[in-house]
1. May I ask for the distance between the Cα centers of region 97-137 and region 295-321, given as a whole number of Å?
2. How much length is gained on full extension from L279 to N3, taking 0.36 nm per residue of separation minus their Cα-Cα distance?
3. Expressed as a whole percentage, what fraction of the accessible surface of the chain belongs to carbon and sulfur atoms when a 1.4 Å probe is rolled over the protein heavy atoms?
4. With a 1.4 Å probe and every protein chain left in place, work out the accessible area per residue of region 93-146 in Å², rounded to a whole number.
5. Which of F142, F354, F188 ends up with the largest GNM mean-square fluctuation for the chain, with Cα atoms connected below 10 Å?
6. Mind pulling the angle between the C-alpha long axis of helix 221-231 and the longest principal axis of the chain? Nearest 10 degrees, somewhere in 0 to 90.
7. On full extension of the chain, what length is gained from T312 through V364, given 0.36 nm per residue of separation minus the C-alpha to C-alpha distance?
8. What lysines sit close enough to K377 to cross-link, taking a C-alpha to C-alpha distance under 26 Å and skipping anything fewer than 8 places away on the same chain?
Amino acid sequence: MANSKYWNEKIETMSVQDLRKHQLDKLKKQVKHCYDNSMFYRKKFKDAGLQPDDIKTLEDIQKIPFTVKNDLRDKYPLGMLTVKPVDVVEIHASSGTTGNPIIGAYTQGDMNAWEELMARSIYTTGGRNEDVIHIAYGYGLFTGGLGFHYGSHKIGAMTIPVSGGMSQRQIKLMKDLGATVLCCTPSFAVYLAEAMANAGIDPKKDLKLRIGLFGAEPWSDKIRERIEADLGIEAFDVYGLTELCGPGVSIECREHNGLHIWEDHFLVETINPETGEVLSPGEEGELVFTTLTKTGIPMLRFRTRDISVINTDKCACGRTHARMIRIRGRSDDMLIIRGVNVFPSQVEIAVMSFPELAPYYQIVVDRPGALDTFAVKLELTEKASKSKKLNKDTLKLDIQGKIHSIIGLTADIEIVKCGELPRSEGKAKHVLDLRKGKI
Ligand code: ADP
Ligand code: ZN
């Protein structure tokens, strides 16, 4: 199956027409499976006056009502299972960033598909069996660690299941075992780069890292540039969520122009998050996925709340699967400050364009009186903090101007002591919203 370029050439490069045929075939089967085996979906169909046979084309999917995170929370833990519990071989859970965790239940078939998708994803970035793959995503219920683990095994690479934390030990292991691929959240990669510098290790000379597979949270191109420069690697964005399988939904190829969505397993739509109207490729909206092959807890039209744009243009890498641009943020991460919509990622883009700043930031929003306050806390790099030439007041004004040009709001800029902002081993928390509970 695998050759020098593709893990599964037949599937990855199949014509779009064949891909659509494949999707329709799988969709019809999935709809029937859900209708026959899930009270939840059967009720949804009945309420909408829909029968499985009404789904005759891919567009007919628009007749099916959306599934939302709260449906899964209401049916916690296994109320949405569409197989017998005895057929479940593994359980995972979301990290609970935005509420109660959501359970993922996998049959052996679901596990095989996930493993295949992770192998395909790692292979797409250039990972091969001669690689030493250092996995610093959390192991356990979180899908990150084990997802990469299964994929790394499948391609036959030397798999190092370090999980999160213990940065000094991680660095030692990377050095001693000659890690070539680093898998973790972008926040942890930033932190590891800092810890290496503090320990006097130059990753470009002392380590063999060449690829980084970073995901599970939004990150900007500026952060990518920093990580690539600091670690001397090529970084790839990887996307997924527990409701679909975990990582393995989409990944960047070496063209670095969007993440290929593995469309043989997932049917993607984008919608207007306010009205639910289906958008065309090229229009920014909320990603909605239907799992075409999953049988444990299948998702029909699952609203992710993640904001992106679908690109169906041909990719130079030869893969025919549509791409999604890097996630701008989740709709529930969006802050409304003085009536203006603000994504933390926009602040990140603004502040990371200043080489004097370390790659950490915290947004603090409050409402002490009638108006929202909006502050951004930042740190200087070691070098900048030692520089005699640096004028902090001018720098603050420049940062303020940059944020204003992107968001349209004036932020209070606070430059805090080096090491004061929280470092993250998993998904970073960039926002402190102190307005909760205040009117
Ligand atoms: P949660 O964080 O909601 O508890 P998960 O652990 O399943 O649940 O994480 C999935 C979510 O993480 C996605 O819906 C998305 O918001 C975010 N995410 C995952 N990968 C990326 C990525 N590459 N870029 C931006 N956000 C991502
Ligand atoms: Zn490509």
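1. Region 97-137 and region 295-321 have Cα centres separated by 16 Å.
2. Computed gain between L279 and N3 is 95.7 nm.
3. So the carbon and sulfur contribution to the accessible surface is 52 percent.
4. Counting only protein heavy atoms, the per-residue value for region 93-146 is 29 Å².
5. Of F142, F354, F188, the most mobile in the Gaussian network model is F354.
6. Its long axis makes an angle of about 70 degrees.
7. Full extension of this stretch gives 14.9 nm more.
8. K222, K386, K388, K389, K392, K396, K402, K417, K427, K429, K436, K438
The values are calculated or read from the model by the stated rules, or taken from the named source; none is laboratory data. Model, not experiment: these values are computed from the prediction. Neighbour counts are summed over all protein chains in view; Cβ atoms, including those assigned to glycine, are modelled from backbone coordinates with ideal geometry. Remember, those area values only see protein heavy atoms, side chains included, never the ligands or the DNA or RNA. Shrake-Rupley method; radii C 1.70, N 1.55, O 1.52, S 1.80 Å.
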